[in-house]
Every structure is written in C-alpha cells, then in structure tokens.
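> Structure incoming, see below.
What follows is calculated from the coordinates using simple rules that are stated; it is not laboratory data. None of the values given here were measured: they were computed from a predicted structure. Every residue, glycine among them, receives a Cβ derived from its backbone with ideal geometry; neighbour counts consider all protein chains shown.
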Amino acid sequence: MARVFNFGAGPAMLPEPVMRQAADELLDWHGTGMSVMEMSHRDKAYIAVYAGAEADLRELLAIPRNYKILFLQGGGAGQFSLVPMNLLRGKSGADYVETGYWSQKAIAEARRYCNVNVAASTKDTKFTRTPKRDGFHFDPGAAYVHITSNETIEGVEWHWVPDTGGVPLVTDASSHILSRPLDVSRFGLIYAGAQKNIGPSGLTVVIVRDDLMGHAMPTTPSVLDYKVQADADSMQNTPPTFSLYVSGLVFKWLKQLGGLKKMEEINIAKAKVIYDYLDQTEFYHAPIVKEDRSRMNVQFRLRNDKLDAEFLKQAENNGLSQLKGHRAIGGMRASIYNAMPIEGVQALVGFMREFERKHG
Ligand code: PMP
C-alpha cells in the first residue's frame, strides 16, 4: 500500500491509526455484530460513542460548562446562515470582519438576514494579514461580531483574539480548530466543518454559550435551531453517525498524543520547516505577513508561474498530492493539518529544493 502525503485543504488527511481502527471495527463494532454505520442513533451502544466524543472534545478544548457542543450537518457554509438565524436575537445587524474568501462568503450569506457592518477589512492588503488591532469600527448595537480565525484559501491565521467588549464573538474555526489550545470563554460561538482537523465530512461542530440560544428567528427550521438541537443532544434528527464516530477516534488520538498543547508544538515545528525554507529562497514566495501566517494552510507561489503545471505534475509523481492553490487565487497551497506528519512537510521541502535546483 502506498499512501501519499495529501496536502488538500479538505476533506483532508486523517491520522492513520484512526483509519486503521475504523477499518478493524468496520463490520463488527465491539462485538455487536454490526457496523457503527448500521446502528440506530438511539441505540445504547451508539449513545456511548456519542457521549464519549462529546466528553473528549470538551476535555481537549477545556470547554466551560455553560457552553453546549452541537454535532450538526450542513458544513461550515451552513453556519453562514444558521449563525444569523439563531444569534440576531431581535437585533437588526451584525459586525463582520473581512479577511478573505471564506469571510466574504459568510458576509454575503448574512446579508440575506440582516444589516452587515464590515467592522474591519484587509482587502486593501490583498488579504495578506489580519486587521490592525486598533482598526475596528464596531457597531455597539451589533448582535455579534463574526471573524474567520483561519482563512483556508489565503493562509491567514489569527494568532490573537479581538476584544469586542460585551458583544459576543463568533468564529469560523473550520480550518484550525484543534490545532492548538483555544480560550473558549472569549467566544460566544465557535463553529467548524469537520473535514479538516476533526474527521470525515458530513459533521459540523458548533460550540455555543447557553445564553445565546433560544432566540432563533421564528421561521428557523427546528433542526437548524441551536436550542432545539441542544435540548435533543443533537438528535432532533439523525446525526451523521459514522462521521461522529470517526471524529471520536480522532479526539482519542489527540488525547493520547498529549492534547492540544502538544499538538500545537508539533504544528509549530511543521510550519517552521516550510516557512523557514520559503524565507530564504528567491524561487518561491510566501505572500502572508509573518505574524499572521497560517500553521495549517501554507500559501506560496513560484515566482515564475509558467512552471506551476510542471511543479504540480512532478510533485504528484513524488507522492505529494493536492498542492494546487484554490481556483480563486491560484498559486500553491500546502495544507498541513494535524494528521500531516512532519515527514510529509520535510518531503515537500526536499522536493521544492530539488525543483528549484533544476529550474532555478
Ligand atoms: N469556512 C472555512 C474557513 C472553510 O475553509 C470552508 C471550507 N473549506 C468552509 C467554511 C465551508 O465549509 P463546508 O464546505 O463544510 O460548508
């Protein structure tokens, strides 16, 4: 079996031990004679899987008791609508921070529900940084402030949390959740599609403070109402059972590794391997300002973009897969989520060095 290093932005690599365990248990989960995939979500055995995943995630992120964890469907993009539907709480507007492609998508969707005040934007820098700390124009009457704490496409990561006064802060953490510890108490709501650092696609995790639930717009479908789902332990309808089970295995893998502090050390080391290389070459170029570079999505370009196709072809031949940047901005992107081993990043840099030697 030849597994490649998959640098795709998501669905992305999963830890190999997790997939081996899922494969071992696929036909017969713990002597039940059936797969988790085939189990009723009301079954005692499945409830144990669910409760274990919930408890492990709570422990990993040290989620305070006054926050609920919801396991939903609809992806990160689904939350672009669910957040305003649930959190406007009778107010007419919300603050959004524009830092790249995904925050722009969130803004466009929110505009269908409310007045959006763009409290800060980094568009004039071509989305190469987070906003200046004193550069926000918050609306004091806003229902919440929304940020995208890791812009997956541009490769910009907030390594800091803005102060929004008493206004609840919401973050789309889809592409860096669980990559490092997070002070959940600084946020009113955190959401993430699973398919990068959590598990297979199909599952969306929402961590929401209790007092923000229960005020959804009257037309909100019940299955999309945070309070209804919280009261039903995310089982108002059938949850994505298999994705949640695999995610539970990922949480156990993270705990065994030593938790998020340890994961962060590993991620810092991995990101350093590639950024250090990018910083000393003229052949490639990393456009994001140093202090805002993502540890998860490394954006880089070949100075001569005529070599892009050749670069991608040779990379693929070397077992380095999915390095092509998003169609919206081009260039290259190496997504190095939790499950990417440091050997993968070293192999990439080795290849880049060799490609530079041949074509530089
Ligand atoms: N937000 C961010 C930051 C993302 O990276 C993505 C997907 N790459 C989305 C939202 C959309 O997620 P989904 O496809 O799960 O709806």
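> Assuming R0 = 22 Å, can you tell me the calculated FRET efficiency for the pair Val4 and Glu38, based on Cβ-Cβ distance, to the nearest 0.05?
After rounding to 0.05, the efficiency reads 0.15.
> Please turn the phi angles of the range 220-233 into ³J(HN,Hα) values with the Karplus equation 6.51 cos²θ - 1.76 cosθ + 1.60 (θ = phi - 60°), one per residue in order, whole Hz, x for glycine and proline.
Rounded to whole hertz, the list is 5, x, 3, 5, 9, 8, 3, 5, 4, 5, 5, 5, 9, 6.
> Ordered by residue, what ³J(HN,Hα) values in Hz, to whole numbers, does the range 173-185 give under the Karplus form 6.51 cos²θ - 1.76 cosθ + 1.60, where θ = phi - 60° and Gly and Pro are x?
9, 3, 9, 9, 4, 6, 8, 6, x, 9, 8, 4, 5
> Now a separate question. Just to check I understand the Karplus step: with θ = phi - 60° and J = 6.51 cos²θ - 1.76 cosθ + 1.60, what whole-Hz values come out for the range 234-242, glycine and proline as x?
Computed from phi, the couplings for the range 234-242 are 6, 10, 4, 9, 5, x, x, 4, 6 Hz.
> In addition: Please report Rg (one decimal) and Dmax (integer) in Å for the Cα set of the range 229-360.
18.3, 61
> Sticking with this structure for a sec: From the helices alone, meaning DSSP H stretches of at least four residues, give me the mean residue ellipticity at 222 nm for the chain, per-run term -39500 (n - 2.57), in deg cm²/dmol to the nearest 500.
That calculation yields -10500 deg cm²/dmol at 222 nm.
> Also, I was wondering about something else. Could you work out how far the C-alpha centroid of the range 1-76 sits from that of the range 250-290, in angstrom?
24 Å
> While we're here: With a cut-off of 8 Å between alpha carbons and a minimum separation of six or more residues, what is the relative contact order of the chain in percent?
23 percent
> Placing +1 on the Cβ of each Lys and Arg and -1 on the Cβ of each Asp and Glu in the chain, which of Tyr50, Pro341, Trp29 has its Cα farthest towards the positive end of the resulting dipole?
So the residue we want is Pro341.
> Write down the Kirkwood hydrodynamic radius of the chain, to one decimal in angstroms, obtained as one divided by the mean of 1/r over all alpha carbon pairs.
That comes to 21.2 Å for the chain.
> Evaluate the charge dipole of the range 22-165 about its Cα centre and quote only its size in Debye, nearest 20, assuming +1 on the Cβ of each Lys and Arg and -1 on the Cβ of each Asp and Glu.
700 debye
> Something else about it: Express in whole angstrom the spacing between the alpha-carbon centres of the range 215-236 and the range 93-133.
The two parts, judged by their Cα centres, are 26 Å apart.
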